[in-house]
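J.: Have a look at the structure that comes next, please.
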Amino acid sequence: TRYMDLGTFVGLGHYADFLVRGSGWMSLRNSLTYTGVSLAVALPLGLLLALALNQPLPWRTTIRTVLVLPWVVSQAIVALLWGWLLNPDYGPVSHAVRQLVDGRFDVYGSPDWAMAGVVVANVWHSYGFPMVLVLAALQAIPAEVMEAAGVDGAGRWDRFWRITLPLVRPTLLITTIMLNYVALLGTGYL
């Protein structure tokens, strides 16, 4: 058939074929694992870094720049970088592991290690997004609210749970949705 010819409508037949094959369920499980673990690590990491960067630190501008760099690098560069870092023959990570344990360390040789390597690369590339958004939300919290809570006797932990977290919760929700979408987009399902 030619490219522009219309085929017959099969309804949900392609989805049924996908689920009937054993590889379809495994592919779906791998995609959900990749997305879920990446999100479960990148979001709290971004939140913690945003909380740290919201404090008056020496060299704060330089630290912010360094922490945002992985996010602004293209995915092609991230793939090349992590491909080199985790290369079993000449990668620095494999070399360091070889120094600790005798034998060859091949991240891509095992499905579990390969998933871990891909998740680490994705988290490294994506933690900057929630960090920047949460940092902006933190800076939008009026200082008077935090001062008033301090005067009322609220400790740092109480201020975080009762003021900071509720005020940045909408940003965290939007960030979760967007990170989830980007991770699923990377798996090919969207």
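The values are calculated or read from the model by the stated rules, or taken from the named source; none is laboratory data. Since we're looking at a predicted model, the values are computed, not measured. As a convention, Cβ positions derive from the backbone with ideal geometry for all residues, glycine included, and neighbour counts pool all protein chains shown. Note: accessible area is taken over every heavy atom of the protein model, side chains too, but ligands, DNA and RNA are not part of it. Shrake-Rupley method; radii C 1.70, N 1.55, O 1.52, S 1.80 Å.
J.: Residues of region 81-102 being open to solvent by less than 70 Å² (accessible area, probe 1.4 Å) and part of a helix (DSSP H, G or I), which ones?
T.: Within region 81-102, 81, 82, 83, 85, 92, 93, 94, 96, 97 meet the criteria.
J.: In addition: Condition check: buried (at least 16 other Cβ atoms within 10 Å of the Cβ), under 19 Å from residue 171 (Cα atoms) and either over 20 Å from the mean Cα position of the chain (by Cα) or not aliphatic (A, V, I, L, M) (or both). Does residue 38 satisfy that?
T.: For residue 38, the condition - buried (at least 16 other Cβ atoms within 10 Å of the Cβ), under 19 Å from residue 171 (Cα atoms) and either over 20 Å from the mean Cα position of the chain (by Cα) or not aliphatic (A, V, I, L, M) (or both) - is met.
J.: Here's something else I'd like to know. Output the residues belonging to region 50-78 that are within 21 Å of residue 119 (Cβ to Cβ) and either open to solvent by 70 Å² or more (accessible area, probe 1.4 Å) or touching an Asp or Glu at 6+ places or on another chain (Cβ under 8 Å) (or both).
T.: Hits for region 50-78 are 69, 71, 72, 75, 77.
J.: Filter region 104-128 down to residues that are free of Cβ contacts under 8 Å to residues at least 40 places away in the same chain and either within 23 Å of residue 171 (Cα to Cα) or assigned to a helix (DSSP H, G or I) (or both), then give me how many there are.
T.: 10
J.: Restricting to region 103-128, what's the tally of residues that are at pLDDT below 90, in contact with a Phe, Trp or Tyr (Cβ under 9 Å, 6 or more places away or on another chain) and open to solvent by 30 Å² or more (accessible area, probe 1.4 Å)?
T.: Total satisfying the criteria: 3.
J.: Read through the list (1) assigned to a loop (DSSP other than H, G, I, E, B); (2) over 29 Å from residue 178 (Cβ atoms), then give the number of the only condition that residue 57 fails.
T.: Result: residue 57 passes all but (2).
J.: For region 5-27, what are the residues that are loosely packed, with under 10 Cβ neighbours inside 10 Å and in a helix (DSSP H, G or I)?
T.: Correct list: 14, 20, 22, 23.
J.: Only one of 146, 131 is open to solvent by less than 50 Å² (accessible area, probe 1.4 Å), part of a helix (DSSP H, G or I) and of a type outside the set (Lys, Arg). Can you tell me which?
T.: Working: 146 fails: open to solvent by less than 50 Å² (accessible area, probe 1.4 Å).
Just a single option satisfies the conditions, and that option is 131.
J.: Report, by residue number, each residue of region 167-190 that is open to solvent by less than 50 Å² (accessible area, probe 1.4 Å), at pLDDT 90 or above and either more than 22 Å from residue 138 (Cβ to Cβ) or not hydroxyl-bearing (Ser, Thr, Tyr) (or both).
T.: Once the filter is applied, which keeps residues that are open to solvent by less than 50 Å² (accessible area, probe 1.4 Å), at pLDDT 90 or above and either more than 22 Å from residue 138 (Cβ to Cβ) or not hydroxyl-bearing (Ser, Thr, Tyr) (or both), region 167-190 yields 168, 172.
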